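Taken together, the values in this text are just the output of simple stated rules run on the coordinates, not laboratory data. Computed from a prediction, not measured in an experiment: that's the story for all the values here. Here the Cβ positions follow ideal geometry from the backbone for every residue, glycine too, while neighbour counts run over all protein chains shown.
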Amino acid sequence: RCEEEDVEMTEDAYAVLTRIGLETSLRYAMQLITAASLVARKRKGAEVGVEDIKRVYSLFLDESRSTQYMREYQEAFLFNELREHP
């Protein structure tokens, strides 16, 4: 995917991204490539590094973390008010 998008990435960043892909999904990991590339460009970096991967990982949730977030904060969401008022 990096070749297709002309993204240069450090070996350490590849390793982190591979681990993310194994723990979440390949689709999620591939989506992080584009976002991490934009973060690297913004900092005027020549290639995506581990810090760029960490940054986008913290900004964009995978399905599992998203579900966990929804469970933890469900009382704060509007749909919770709809259940309380029949």
**Asked** What are the ³J(HN,Hα) values, in whole Hz, obtained from phi via the Karplus relation 6.51 cos²θ - 1.76 cosθ + 1.60 with θ = phi - 60°, for each residue of the range 5-16 in sequence order, with x given for Gly and Pro?
**Response** 9, 6, 10, 8, 9, 5, 4, 5, 5, 4, 5, 5
**Request:** Any chance you could run the full-extension gain for residue 64 through residue 19? It's 0.36 nm times the residue separation minus the Cα-Cα distance, nm to one decimal.
**Result:** 14.7 nm
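Can you give the helix-only mean residue ellipticity at 222 nm for the chain, where every DSSP H stretch with n ≥ 4 adds -39500 (n - 2.57) and the sum goes over all residues, rounded to the nearest 500 deg cm²/dmol? Provide the component values of the computation, followed by the final result.
Working: 5 runs with 57 residues, N = 86.
Value at 222 nm, helices only: -20500 deg cm²/dmol.
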**Item:** Using alpha-carbon coordinates, inclination of helix 50-59 to the longest axis of the chain, degrees
**Value:** 20 degrees
**Complete:** Given the candidates 9, 22, 58, the one whose Cα lies deepest towards the positive end of the charge dipole of the range 1-59, counting +1 at each Lys or Arg C-beta and -1 at each Asp or Glu C-beta, is 58
**Asked** How far, in degrees from 0 to 90, does helix 63-72 lean away from the longest principal axis of the Cα atoms of the chain, to the nearest 10?
**Response** 30 degrees
**Prompt:** Near the amide H of residue 48, under 5 Å away, which other amide H atoms are found, from residues 5 or more places off or on another chain, if H is placed in the peptide plane?
**Reply:** 8, 9, 10
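Give me the tail of P(r) for the chain as a percent: Cα-Cα pairs with distance above 15 Å.
In whole percent, the share of Cα-Cα pairs in the chain beyond 15 Å is 61.
Please give the peptides 46-59, 20-33, 3-16, 63-76 ranked by average Cβ packing (other Cβ atoms within 10 Å per residue), highest first, as a rough proxy for protection. Before the final figure, lay out each step's value.
Details: 46-59: 17.6, 20-33: 16.1, 3-16: 14.0, 63-76: 10.4.
Peptide ranking by packing, descending: 46-59, 20-33, 3-16, 63-76.
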